[in-house]
Ligand SMILES: Nc1ncnc2c1ncn2[C@@H]1O[C@H](COP(=O)(O)OP(=O)(O)OP(=O)(O)O)[C@@H](O)[C@H]1O
Ligand SMILES: [Mg+2]
């Protein structure tokens with residue numbers, strides 16, 4: 001048995017207990033807005049607090065798979081990915097594998113992942129023949145509900161079919177942004193997209209707006225740059241009801257954690273960024 005197969009056998013996905021599962025789509029129309037950092041950091045923080053968590057990555061860059069211990073999911077034939085689910089090789093629940101600590105290569109308790117593949121960039125093409133293909137993920141998600149407390153869907157930085165599928169499926173929509181123009185504009189684009197797809201798919205029960213706004217790289221004072229400060233204030237005003245007060249500041253530990261292939265909350269739990277992400281998860285009532 002390979003090491004991965006061994007881990008999978010020893011850490012099967014949780015039983016369906018009928019527990020309520022919060023499915024969160026982590027989104028922004030703009031790339032590089034902190035979605036993957038958030039998904040891994042908050043997912044790990046919740047798992048460390050005994051919540052059963054599954055992270056589903058939908059980006060061909062496969063960043064969240066990497067942060068959860070799988071450097072190159074495409075390279076290993078026996079590892080299931082989301083593409084195997086779309087190709088009917090396995091079901092969504094069968095594609096769940098334990099997240100690994102990249103340092104020890106041991107499974108992280110309570111944390112699972114559905115791996116990404118490079119071929120995700122051909123999603124439109126793969127689903128071309130499907131009726132109402134925007135519902136692709138909605139149709140699959142039933143097999144995860146009841147097993148996990150939390151499912152985090154780490155979306156790519158665009159508004160194409162992967163993101164649309166996640167927006168329709170999610171119980172809550174998390175808009176990630178930084179205190180910069182491009183990422184803030186990505187939130188506006190996200191809102192327009194939600195409104196547009198809600199017109200066609202509102203009957204599924206999908207959300208009609210952003211539930212949470214996370215500022216994943218803000219500044220703590222004007223002296224760090226007036227333009228950053230001003231944009232952050234604008235975001236806070238525009239999204240006053242939903243923006244989380246805990247803000248993650250620019251922190252080199254985030255970049256180091258990326259290099260180490262670990263969630264920042266695992267890599268450096270005492271860092272400012274990790275503490276801010278833990279607080280964010282608490283403000284979202286994902287754990288106490
Ligand atoms: N608080 C922070 N301090 C410093 N660097 C950060 C911080 N948050 C994120 N970054 C850096 O910003 C970059 C983008 O972050 P991340 O990958 O989480 O964004 P993303 O929205 O998932 O991007 P993509 O759209 O490409 O998937 C990364 O290089 C990350 O290390
Ligand atoms: Mg990402």
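The values are calculated or read from the model by the stated rules, or taken from the named source; none is laboratory data. Quick caveat: nothing in here was measured; it's all calculated off a predicted structure. Note: ideal-geometry Cβ built from the backbone for every residue, glycine included; neighbour counts use all protein chains shown.
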Selection count, segment 146-155, where residues are at negative phi and either over 16 Å from the mean Cα position of the chain (by Cα) or within 16 Å of ligand 2 (Cβ to nearest atom) (or both): 5
Are there any helices (runs of 4 or more DSSP H) wholly within segment 214-288 with 1 or more residues that are at pLDDT below 95, and if so which? 226-238
Among residues of segment 70-79, those that are closer than 19 Å to residue 108 by Cα and surrounded by fewer than 21 Cβ atoms within 10 Å (Cβ to Cβ), counted: 3
Matching residues in segment 94-140 - criterion: being closer than 19 Å to residue 267 by Cβ and surrounded by fewer than 16 Cβ atoms within 10 Å (Cβ to Cβ): 103, 104, 105, 106, 109
Residue 104 versus (1) within 20 Å of the chain's Cα centre (by Cα); (2) farther than 23 Å from residue 205 by Cβ: which is the lone unmet condition? (1)
Please indicate, with yes or no, whether at least one residue in segment 241-251 is under 17 Å from residue 173 (Cβ atoms) and surrounded by fewer than 17 Cβ atoms within 10 Å (Cβ to Cβ). yes
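Conditions (1) surrounded by fewer than 22 Cβ atoms within 10 Å (Cβ to Cβ); (2) within 16 Å of ligand 2 (Cβ to nearest atom), marked per residue:
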position	(1), (2)
19	yes, no
32	yes, yes
38	no, yes
41	no, yes
47	no, no
65	no, yes
85	yes, no
Assess whether residue 14 counts as being away from ligand 1 (no atom under 16 Å from the Cβ), in contact with a helix residue (DSSP H, G or I) (Cβ under 6 Å, 6 or more places away or on another chain) and either in a helix (DSSP H, G or I) or in contact (Cβ under 8 Å) with a residue 12 or more places away in the chain (or both). no
